[in-house]
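J.: The structure that follows is given in the form of C-alpha coordinates.
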Amino acid sequence: MKILDRYITISVLSAFLFGNAIFLGLILTMDQMRKLVEMIAEQGVPVLIALQIIGYRIPSMLTYAFPMSVLLSILLTFNRMSSESEMVAARAAGISFTRIVM
(Lines give C-alpha, C1' and ligand atoms only; values in the text may rest on other atoms or scores of the structure.)
Protein backbone atom coordinates (compact mmCIF):
# COMPACT_ATOMS: atom_id res chain seq x y z
CA MET A 1 0.00 0.00 0.00
CA LYS A 2 2.88 2.38 0.62
CA ILE A 3 3.91 2.30 -3.03
CA LEU A 4 0.40 3.22 -4.20
CA ASP A 5 0.21 6.03 -1.62
CA ARG A 6 3.55 7.41 -2.75
CA TYR A 7 2.55 7.14 -6.42
CA ILE A 8 -0.73 9.01 -5.93
CA THR A 9 0.88 11.62 -3.66
CA ILE A 10 3.62 12.41 -6.17
CA SER A 11 1.09 12.62 -8.98
CA VAL A 12 -1.21 14.95 -7.04
CA LEU A 13 1.68 17.07 -5.78
CA SER A 14 3.19 17.59 -9.23
CA ALA A 15 -0.19 18.54 -10.68
CA PHE A 16 -0.77 20.86 -7.69
CA LEU A 17 2.51 22.69 -8.25
CA PHE A 18 1.78 23.00 -11.97
CA GLY A 19 -1.73 24.32 -11.31
CA ASN A 20 -0.51 26.69 -8.63
CA ALA A 21 2.06 28.20 -10.98
CA ILE A 22 -0.51 28.54 -13.77
CA PHE A 23 -3.20 30.12 -11.59
CA LEU A 24 -0.75 32.43 -9.86
CA GLY A 25 0.57 33.52 -13.25
CA LEU A 26 -2.95 34.17 -14.49
CA ILE A 27 -3.86 36.21 -11.44
CA LEU A 28 -0.62 38.17 -11.71
CA THR A 29 -1.08 38.99 -15.36
CA MET A 30 -4.76 39.78 -15.21
CA ASP A 31 -4.82 41.94 -12.10
CA GLN A 32 -1.41 42.96 -10.89
CA MET A 33 0.33 43.86 -14.16
CA ARG A 34 -2.05 46.75 -14.76
CA LYS A 35 -1.29 48.05 -11.27
CA LEU A 36 2.43 47.54 -11.85
CA VAL A 37 2.39 49.59 -15.07
CA GLU A 38 0.34 52.32 -13.39
CA MET A 39 2.79 52.54 -10.48
CA ILE A 40 5.81 52.77 -12.76
CA ALA A 41 4.41 55.04 -15.49
CA GLU A 42 2.03 57.36 -13.68
CA GLN A 43 3.36 57.52 -10.13
CA GLY A 44 7.07 57.31 -10.93
CA VAL A 45 7.82 54.40 -8.59
CA PRO A 46 11.16 52.69 -9.33
CA VAL A 47 10.84 49.30 -11.02
CA LEU A 48 12.51 47.33 -8.22
CA ILE A 49 10.22 48.81 -5.58
CA ALA A 50 7.14 48.18 -7.73
CA LEU A 51 8.20 44.54 -8.18
CA GLN A 52 8.78 44.29 -4.44
CA ILE A 53 5.25 45.57 -3.78
CA ILE A 54 3.84 42.98 -6.19
CA GLY A 55 5.93 40.33 -4.41
CA TYR A 56 4.35 41.29 -1.11
CA ARG A 57 0.90 40.79 -2.65
CA ILE A 58 1.62 37.20 -3.74
CA PRO A 59 0.51 35.59 -0.44
CA SER A 60 -2.95 37.15 -0.80
CA MET A 61 -3.13 35.85 -4.38
CA LEU A 62 -2.21 32.36 -3.20
CA THR A 63 -5.43 32.24 -1.19
CA TYR A 64 -7.26 32.16 -4.52
CA ALA A 65 -4.78 29.94 -6.35
CA PHE A 66 -4.52 27.14 -3.74
CA PRO A 67 -8.14 25.91 -3.81
CA MET A 68 -8.24 25.97 -7.60
CA SER A 69 -4.92 24.12 -7.74
CA VAL A 70 -6.11 21.43 -5.34
CA LEU A 71 -9.24 20.83 -7.42
CA LEU A 72 -7.26 20.77 -10.66
CA SER A 73 -4.62 18.39 -9.29
CA ILE A 74 -7.17 15.90 -7.98
CA LEU A 75 -9.17 15.99 -11.20
CA LEU A 76 -6.06 15.58 -13.37
CA THR A 77 -4.68 12.74 -11.27
CA PHE A 78 -7.87 10.70 -11.14
CA ASN A 79 -8.61 11.41 -14.80
CA ARG A 80 -5.18 10.09 -15.77
CA MET A 81 -5.53 7.09 -13.48
CA SER A 82 -8.91 6.32 -14.97
CA SER A 83 -7.78 6.73 -18.58
CA GLU A 84 -4.77 4.45 -18.05
CA SER A 85 -6.96 1.84 -16.28
CA GLU A 86 -5.01 2.20 -13.06
CA MET A 87 -8.27 2.56 -11.13
CA VAL A 88 -9.42 -0.79 -12.54
CA ALA A 89 -6.09 -2.38 -11.59
CA ALA A 90 -6.28 -1.01 -8.06
CA ARG A 91 -9.87 -2.21 -7.65
CA ALA A 92 -8.87 -5.63 -9.01
CA ALA A 93 -6.12 -5.77 -6.40
CA GLY A 94 -8.79 -5.43 -3.72
CA ILE A 95 -8.27 -1.78 -2.83
CA SER A 96 -11.51 0.08 -2.17
CA PHE A 97 -12.28 3.39 -3.85
CA THR A 98 -12.37 5.21 -0.50
CA ARG A 99 -8.88 3.89 0.28
CA ILE A 100 -7.61 5.18 -3.04
CA VAL A 101 -9.15 8.59 -2.41
CA MET A 102 -7.68 8.79 1.09
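J.: For Rg/Rh (Cα atoms, Kirkwood Rh), the listed values are (1) 0.97; (2) 1.23; (3) 1.19; which was obtained by calculation from the structure presented?
T.: From the options (1) 0.97; (2) 1.23; (3) 1.19, the structure gives (2).
J.: May I ask for the angle, rounded to the nearest 10°, between helix 47-83 and the longest principal axis of the chain, with both axes built from Cα atoms and the value confined to 0 to 90°?
T.: Relative to the chain, helix 47-83 is tipped by roughly 20 degrees.
J.: Right, next: Which value in deg cm²/dmol, rounded to the nearest 500, describes the helix-derived mean residue ellipticity at 222 nm for the chain, given -39,500 (n - 2.57) per DSSP H run of n ≥ 4 and division by the residue count?
T.: Values: 5 runs with 84 residues, N = 102.
About -27500 deg cm²/dmol.
J.: Now for a different question. So what's the angle, to the nearest 10 degrees on a 0 to 90 scale, between helix 2-27 and the longest Cα principal axis of the chain?
T.: 20
J.: Could you give the length gained by full extension between M102 and R80, i.e. 0.36 nm per residue of separation minus their alpha carbon distance, to one decimal place?
T.: On the way: separation 22, 0.36 × 22 = 7.92 nm, distance 1.71 nm.
Extra length from M102 to R80 when fully extended: 6.2 nm.
J.: Given a 1.4 Å probe and every protein chain left where it sits, what share in percent of the accessible area of the chain is carbon and sulfur?
T.: On the way: 5090 of 7090 Å².
The computed percentage sits at 72.
J.: Rolling a 1.4 angstrom probe over the protein heavy atoms, how many square angstrom per residue are accessible across the chain? Let's see the in-between values first.
T.: Details: 7090 Å² over 102 residues.
Ligands and nucleic acids excluded, the figure is 70 Å² per residue.
The values are calculated or read from the model by the stated rules, or taken from the named source; none is laboratory data. Owing to the predicted nature of the structure, the values given are computational and were not obtained by experimental measurement. To get the accessible areas, we keep the full protein, side chains included, count just its heavy atoms, and leave off ligands, DNA and RNA. Shrake-Rupley method; radii C 1.70, N 1.55, O 1.52, S 1.80 Å.
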